[in-house]
Amino acid sequence: MKYDYDLLVIGAGSGGVRAARIAAGYGKRVAICEGDKVGGTCVIRGCVPKKLFVYASQYSKMFKAAKTFGWDIQSQFNWPELLQNKDAEINRLNGIYLNLLANAGVELIRGFGTFVDAHNIKIAEKTYSAERILIATGGSPTVPDIPGKEHVITSNEALDLPQLPASITINGGGYIAVEFACIFNALGVKVNLVYRGPQILRTFDSEIAAFAQQSFIDAGINVFTDTSISAVEKTEAGLVCKSNQADITSDVVFFATGRQANTERLNLTKVGIATQANGQVVVDEEQRTSLEHVFAVGDVSNQDNLTPVAIREGHYLVDRLYAGGEQYPDYDFIPTTVFCQPEIGTCGLTEDEARAQHANIKTYTSTFRAMKYAMSDVNEKTLMKIVVNEDTDQVLGMHVCGADGGEMIQGFGVALKQGLTKTQLNSTIGIHPTSAEEFVTL
Ligand code: NDP
């Protein structure tokens, strides 16, 4: 045989593991290399531990509302216990991933992979050859190069803080910044959320983003907009963020200012694999890089950076390569959720995007207080919004900021993808009493 493997996958995260085990299931000789724990960002230091923290933080609101339902609860939060249980859960999931690979017959090689030449990858001082190579190395947080950046943590460290701080300053206005701002706020930490623009969640529907921002302020988060942090100084009083607006002091400073592709160890320029200015590997619709036999999936590539997208890309790719598959990931109407509190669920076009693309757009909105909080002094509200093309009656976007927003949008996302019309939406009987029923009565 000309090569050690038919397929060598670099990086054992969600996309890489899926591709490796499906390819092995087709009888291919597959290896996967990983220099860290198997599971990748999502399982080890992303979606999964973050969502566990979201659940933990939501109890404070539930305890508050519980009194009105007749429960008298004495509650005490224990951060080390949450960390310990979170780590145990991640280890359990890591074990499941290891079993999935072993049961599929994928060889796991410990170490980071580096291209030696177009078909040879060096991993921990040994070189392995492969007919095809899949880059699935994911991404990692970036921090702007400002004085005092060594005092700053990222989402990686936020998941393992030795103790819960009394105060935290979070810089950024995207997914990670707002999710962690809400987690820490609900756990009783004084939170400063600092964003350089006029309104957080810039890429989301602006009405939903404004509603979320106001909800965070109402919940006690100090939101600083149009504020750019230029330096972080360590003082007796704590860490001081110097900005164009004010000095903001807290125990911990957390930057959630975006992520970059993990390509620096791969030696891509040596073999002529093209990357974008931000480091992401350029791929075509086949997931193919500028080398015919090298592919890339997930956050390392220049497509949507979401776990289910990486999994779909990896799965379809090996189906096409080894089993005559003909499917390609479809990047339209990808539902997504920001696990902030209240939660944002969204699918399709924002109002601004829809107006830029179509002549006659009508929107439908409803704001209300969810029944589970109606009797309590939890003031959280829900905003639901539908964006419709009036000329065709097609629903172009559905957005919610409210409890269980993500769970709602997953279901409606199926219908949106099939070309749902407003008439069809309204012909559906609502489930009463739920929040989701608002969507079929607007
Ligand atoms: P995002 O791209 O979502 O947000 C980055 C934020 O940082 C933006 O508000 C951006 O501002 C700001 N920013 C960027 N550079 C600077 C800078 N130099 N100084 C100050 N602010 C800056 O990145 P995240 O890190 O939050 O998340 C990365 C990606 O991970 C997401 O886009 C998403 O694909 C994925 N993710 C998905 C989750 C989910 O599905 N629930 C959860 C977490 C992450 P501006 O808006 O002005 O550009």
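None of the figures in this text is laboratory data; all of them are computed from the coordinates on show. All values derive from a computational prediction rather than experimental measurement. Positions of Cβ are generated from backbone atoms using ideal geometry, with glycine treated the same way; all protein chains shown enter the neighbour counts.
Do you know which of the residues in the range 141-197 that are within 12 Å of the ligand (Cβ to nearest atom) and charged (D, E, K, R) is nearest to Arg45 (Cα to Cα)? Within the range 141-197, the match that is nearest to Arg45 (Cα to Cα) is Glu179. Hey, can you tell me all the residues within the range 140-184 that are acidic (Asp, Glu) and farther than 21 Å from Asn222 by Cβ? Result: Asp145, Glu150, Glu157, Asp160. Among the residues of the range 166-182, those identified as farther than 18 Å from Thr336 by Cβ and surrounded by fewer than 23 Cβ atoms within 10 Å (Cβ to Cβ) are Ala166, Ser167. Of all residues in the range 351-388, those satisfying the criterion of being polar (S, T, N, Q), surrounded by fewer than 20 Cβ atoms within 10 Å (Cβ to Cβ) and outside any helix (DSSP H, G or I) are Asn360, Thr363, Thr365, Ser366, Thr367, Ser376, Asn379. Could you tell me which of the residues Ala24, Ala118, Ala124, Ala104 is farther than 29 Å from Arg312 by Cα and not acidic (Asp, Glu)? After ruling out the rest, the residue left standing is Ala124.
Of the residues in the range 47-69, at least one is among the charged types (D, E, K, R), in contact (Cβ under 8 Å) with a residue 24 or more places away in the chain, within 16 Å of the ligand (Cβ to nearest atom) and touching a Phe, Trp or Tyr at 6+ places or on another chain (Cβ under 8 Å). The single condition among (1) surrounded by fewer than 16 Cβ atoms within 10 Å (Cβ to Cβ); (2) in a helix (DSSP H, G or I) that Trp71 does not satisfy is (2).
Scanning the range 316-350 for residues that are of a type in the set (A, V, I, L, M) and assigned to a loop (DSSP other than H, G, I, E, B) turns up Ala323, Ile334, Leu349. Scanning the range 123-139 for residues that are within 16 Å of the ligand (Cβ to nearest atom) and either on the phi > 0 side of the Ramachandran plot or assigned to a strand (DSSP E or B) (or both) returns Gly138, Gly139.
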